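The structure appears below as structure tokens.
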Amino acid sequence: MLKNFFLTCSGVDKNLIQECSNGEQNKYVGIGATVFFTAVMATIAGSYALYTVFDNMFSAIFFGLIWGLLIFNLDRFIVATIKKSDSKWKEFAQAIPRIILAIIIAVVISKPLELKLFEKEINQVLLKEKNQMILDNKTQIAQQFTPEIAKINSEISVLKQEIITKENETNALYKTYIAEAEGTAGTRKLGKGPVYKEKREKHDTALKDLNLLKQENTLKIKEKEAEITTLQQNEKIAINKSQPIISNFDGLMARINALHKLPFFTSFFIFLLFLAIETSPIIAKLLAPKGSYDYKLEEKESAIKTWAMQQIQQRQQMLSADISIDNKVYKDITADEELYNYKQKMARELMKLQADSFYKKQQKML
């Protein structure tokens, strides 16, 4: 049963292969087994690749099976259409398009499996890229909010500086009227005279202005600090919104790009392995000598071709004979006097009827 299945996979004519020796049958069993297991590898590779795309196991398995069947059909077609001949160059020439197709299939099959084999290394590369993307993203978002925050901080500094300047002025006035009272400066008279009162009034006025300025500027500072808090919250929201996009940066294309950043030769040798597997049925057919199955197939195709050519030639001869006979028959009829007289009589009657009809139409018009 297994042998029969692999023969089916090889694309041979079962009726012909059954007439061949066991050695000839085993050759095609090996080719069919290679075709089958290549399709199995394609199914696994396709399922994994599609799982990275859809992130759904059932969808990945379903489409992976379809992909495997497609590869199986292509491989079976490639092997079945290579015909053995006496010229190796002729065989190689007809195998070139099939080898190119096999190389393409090998690339498509090997790439998803490379992604799976080097998954840990790829994850490491992606982690570094994600961390860098996070830093770059924060920098880009900060560039949107930092100038506005810096501007508001500058305005807050100006407001605070106004308070400090006013405090310094008020403190200076305080020291002035205290020194006047103590007699250490100003009029240098001890006691609270008119000059003291004047300076005291200036200080009290400045102190009121300072308190009013503190209230106004404190309120403004709180409003501006609230604006900074809002901007900072908006910055965090923007970062949080972009975070899932960066976290999901592990799709198929990202993984393939990460794979290309790994050492080349390891990946290349895996590709060569799958290329050898994919092209092995073709190479086996090219290297194998012409066997009994090939002779039987060639004989059967030659017989069908000869029979078809005979049928075409017979139909051409029959057509030529029919044309000759028809020409002779109608030539003899042309010389028949009785047929001529009959057609002449009918033509006369027809012309009479046409003349009568024309006369009646003219008469009605008049």
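Table for the structure above
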quantity: Test result for ILE82, outside any helix (DSSP H, G or I) and either modelled with pLDDT under 80 or of a type in the set (A, V, I, L, M) (or both); calculated: yes
quantity: Filtered residues of the range 264-283 (kept if of a type in the set (A, V, I, L, M, F, W, C), over 11 Å from ALA106 (Cβ atoms) and surrounded by fewer than 17 Cβ atoms within 10 Å (Cβ to Cβ)); calculated: PHE264, PHE265, PHE268, PHE269, ILE283
quantity: Long-range neighbours under 6 Å by Cβ, at least six apart or interchain, first residue in the same structural domain as THR218 (by TED's automatic domain parsing) and modelled with pLDDT of 75 or more within the range 164-176, second outside any helix (DSSP H, G or I) and among the aromatic types (Phe, Trp, Tyr); calculated: none
quantity: Test: residue in the range 104-119 that is of a type outside the set (Asp, Glu), without any contact (Cβ under 8 Å) to a residue 60 or more places away in the chain and closer than 17 Å to ILE282 by Cα; calculated: yes
quantity: Any hit, the range 253-269, residues being among the hydroxyl-bearing types (Ser, Thr, Tyr) and in contact with a Ser or Thr (Cβ under 8 Å, 6 or more places away or on another chain); calculated: no
quantity: Filter result for the condition that a residue is surrounded by fewer than 21 Cβ atoms within 10 Å (Cβ to Cβ) and either polar (S, T, N, Q) or in the same structural domain as LYS285 (by TED's automatic domain parsing) (or both), over LEU50, LEU65; calculated: LEU65
quantity: Every residue from the range 53-62 that is assigned to a helix (DSSP H, G or I) and either buried (at least 22 other Cβ atoms within 10 Å of the Cβ) or without any contact (Cβ under 8 Å) to a residue 12 or more places away in the chain (or both); calculated: PHE54, MET57, PHE58, SER59, PHE62
quantity: Some residue of the range 330-337 being in contact with a helix residue (DSSP H, G or I) (Cβ under 8 Å, 6 or more places away or on another chain) and either at pLDDT below 75 or part of a helix (DSSP H, G or I) (or both); calculated: yes
quantity: The range 248-263: number of residues that are surrounded by 13 or more Cβ atoms within 10 Å (Cβ to Cβ) and either outside any loop (DSSP other than H, G, I, E, B) or touching a Cys at 6+ places or on another chain (Cβ under 8 Å) (or both); calculated: 7
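The values are calculated or read from the model by the stated rules, or taken from the named source; none is laboratory data. This structure is a prediction, so every number in the text was calculated from the model and none was measured. All Cβ positions, even for glycine, are placed from backbone atoms using ideal geometry, and neighbour counts span all protein chains on display.
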